[in-house]
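Here's the structure we're looking at; comments come further down.
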Amino acid sequence: QVQLVESGGGLVQPGESLRLSCVAPESIFSGNTMGWYRQTPGKQREFVASLSAHGDLDYADVVKGRFSISRDTAKNTVFLQMNRLKPEDTAVYYCSAATIAGVFWGRGTLVTVSS
């Protein structure tokens, strides 16, 4: 079973920063678009950011200018740098890998933004 493992979630105050990490198997990471999604109770999972193997970036409007996605090819890791966090950013954040065989997901990491 393919495993994407997220880490870096936690409790922060509004305005603070967090960096999420996601490690994927090389066979999944290499050459594919990696992304981040988030979900809150009772709502559908929503797109946050993505980064293709060619460097194409995409962000949800609500995080543009605050979040930044990057990847470390040597470590098969994708990052999500989240700055100026807001209470509405509170969610479980999931890492994804879009491959020819389908989309693979991690189990998520909880981010809570609260004073």
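Structure data summary
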{"read-out": "Relative contact order of the chain, defined on C-alpha pairs under 8 angstrom at six or more residues apart (%)", "value": "37 percent"}
{"read-out": "Euclidean distance of C-alpha centroids, segment 54-72 and segment 98-115, integer Å", "value": "15 Å"}
{"read-out": "Probe 1.4 Å, protein heavy atoms only - accessible area per residue of the chain in square angstrom", "value": "55 Å²"}
{"read-out": "Accessible-area value, residue 95, 1.4 Å probe, nucleic acids and ligands omitted, Å²", "value": "0 Å²"}
{"read-out": "Helix-derived mean residue ellipticity, 222 nm - over the chain, DSSP H n ≥ 4, -39500 (n - 2.57), to 500", "value": "-500 deg cm²/dmol"}
{"read-out": "Set of lysines near residue 86 by C-alpha distance (under 17 Å), chain-local residues within fewer than 8 positions excluded", "value": "64"}
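The values are calculated or read from the model by the stated rules, or taken from the named source; none is laboratory data. All figures in this text were calculated on a predicted structure; none of them were measured in a lab. Note: areas computed on protein heavy atoms with side chains; ligands, DNA, RNA excluded. Shrake-Rupley method; radii C 1.70, N 1.55, O 1.52, S 1.80 Å.
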